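See below for the structure under consideration.
The values are calculated or read from the model by the stated rules, or taken from the named source; none is laboratory data. Note that the structure is predicted; figures quoted are calculated from it, not measured. Neighbour counts run over all protein chains shown; Cβ positions are idealised from the backbone, glycine included.
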Amino acid sequence: MNVSTSPNVHLGRLPGRIQAQDTPPQDTPPPQGPSTMVDKIIDKTYLTANFTASTLSGGVAGLGAYARAAAPATLKSTASLYKNLWKAETIGPNLKILGSVVAAPIMLAGGVLGLPVSLIAGMYQGGDEVDSSKPRQFTIAQATKEGYSQTKAGWESFSKSAIEAFEEMGTEKLAEGEKPFDIPIIKSLKTLAVGATAAAIGGIAGVVSALVSTVRQVGAGIGNSFGDESLHLGGKLLGSAGAVLGGAVHGVTYGLATALSVTGHGFSETWKKDSLVEGGQKVLNQAWNSLAASAAPRATLLQEKPDPGQPQ
């Protein structure tokens with residue numbers, strides 16, 4: 001039997017060949033090779049190192065700005081306070097004497113407390129310069145510049161605002177028939193004595209509570225970061241760096257709040273009760289509660305502590 005083949009039939013038209021030729025090629029993602037994984041690890045390592053170095057560089061620059069700007073700002077503000085205090089018509093002589101006694105120590109304390117604030121501000125500015133989308137771009141120079149300039153500008157702005165407020169106080173005039181505001185001298189001396197003691201106790205309690213609170217927060221943050229199995233090494237390091245920064249901010253803030261709270265309670269309680277004993281008891285009680293809360297905040301919140309100044 002003869003099999004004739006039509007000239008219109010080609011082998012390329014066979015069904016198998018049609019499927020092979022007409023099916024478009026499928027795009028498949030390239031496999032993640034070792035080089036890609038290594039690049040990611042290197043990027044994360046660079047980013048972690050840059051963030052840590054930039055944060056520390058900014059903190060050092062903040063301390064430099066403090067050394068450069070804090071003393072002039074404090075001196076200018078204090079001089080303006082004394083000048084306008086005695087110039088003010090609305091303030092009586094007893095209050096002027098009392099203000100003159102406490103003004104310098106308070107301004108000096110504010111300048112000293114500005115040291116950790118400048119450190120934290122510089123660290124924040126330094127870390128803020130890091131761009132996570134550019135992991136291999138080092139920002140140490142920018143962090144140092146911003147940490148110094150921003151912290152220095154903050155001190156200058158604070159000094160300017162304080163001087164403007166003091167000048168406004170000094171130029172205020174009495175209305176017709178109005179008498180200057182004044183306070184009783186004996187009561188003021190009692191308040192001043194307890195207030196000075198409270199400032200000393202509050203300062204010590206503030207420093208201790210700041211250190212205790214910082215260590216507790218940093219230790220807990222680092223422990224949580226390295227204990228989290230879902231984090232890679234870069235994430236653990238970044239989490240630890242954040243714990244150090246956040247713990248330091250928390251500790252400094254808590255320490256400042258403690259110092260101001262103890263000092264404020266000393267002044268207010270003595271003035272209100274007109275008693276050295278009750279004012280002193282309030283100071284000691286407030287300092288102790290603040291220290292206890294810095295070490296064990298949950299236990300302090302759950303346990304109600306009686307005020308030794310109150311009758312049982």
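Computed quantities for the displayed model
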read-out: Residue check for residue 168: in a loop (DSSP other than H, G, I, E, B) and among the charged types (D, E, K, R); value: no
read-out: Matching residues, segment 293-312, being crowded, with 16+ Cβ neighbours inside 10 Å and either in a helix (DSSP H, G or I) or modelled with pLDDT of 80 or more (or both); value: 293, 294, 300
read-out: Only one of 92, 111, 122 that is touching a helix residue (DSSP H, G or I) at 6+ places or on another chain (Cβ under 7 Å) and in contact (Cβ under 8 Å) with a residue 60 or more places away in the chain; value: 122
read-out: Any hit, segment 95-108, residues being at pLDDT below 90, out of contact with any Gly (no Cβ under 9 Å at 6 or more places or on another chain) and not in a helix (DSSP H, G or I); value: no
read-out: Only one of 79, 104, 71 that is within 16 Å of residue 152 (Cβ to Cβ), surrounded by fewer than 16 Cβ atoms within 10 Å (Cβ to Cβ) and more than 17 Å from the chain's Cα centre (by Cα); value: 71
read-out: Segment 163-176 residues that are farther than 18 Å from residue 72 by Cβ, paired with ones that are basic (Lys, Arg) (beta carbon under 6 Å, 6 or more apart); value: 170/87
read-out: Any chance residue 130 is part of a loop (DSSP other than H, G, I, E, B), assigned by TED's automatic domain parsing to the domain that holds residue 96, buried (at least 19 other Cβ atoms within 10 Å of the Cβ) and among the hydrophobic types (A, V, I, L, M, F, W, C); value: yes
read-out: Among the candidates 151, 144, 139, 197, residue that is surrounded by 18 or more Cβ atoms within 10 Å (Cβ to Cβ), assigned by TED's automatic domain parsing to the domain that holds residue 261 and either closer than 29 Å to residue 269 by Cα or not charged (D, E, K, R) (or both); value: 197
read-out: Candidates 255, 235, filtered to the one that is at pLDDT below 80 and either outside the structural domain of residue 118 (by TED's automatic domain parsing) or more than 30 Å from residue 37 (Cβ to Cβ) (or both); value: 235
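Every residue, every condition in (1) at pLDDT below 55; (2) in contact with a helix residue (DSSP H, G or I) (Cβ under 6 Å, 6 or more places away or on another chain); (3) in a helix (DSSP H, G or I), yes or no:
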{"position": "21", "(1), (2), (3)": "yes, no, yes"}
{"position": "28", "(1), (2), (3)": "no, no, no"}
{"position": "36", "(1), (2), (3)": "no, no, yes"}
{"position": "43", "(1), (2), (3)": "no, no, yes"}
{"position": "47", "(1), (2), (3)": "no, no, yes"}
{"position": "56", "(1), (2), (3)": "no, no, yes"}
{"position": "60", "(1), (2), (3)": "no, no, yes"}
{"position": "77", "(1), (2), (3)": "no, yes, yes"}
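Listed here are the residues, each with its yes/no results for (1) hydroxyl-bearing (Ser, Thr, Tyr); (2) closer than 27 Å to residue 116 by Cα.
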position: 51; (1), (2): no, yes
position: 54; (1), (2): yes, yes
position: 59; (1), (2): no, yes
position: 67; (1), (2): no, yes
position: 74; (1), (2): yes, yes
position: 82; (1), (2): yes, yes
position: 85; (1), (2): no, no
position: 94; (1), (2): no, no
position: 103; (1), (2): no, yes
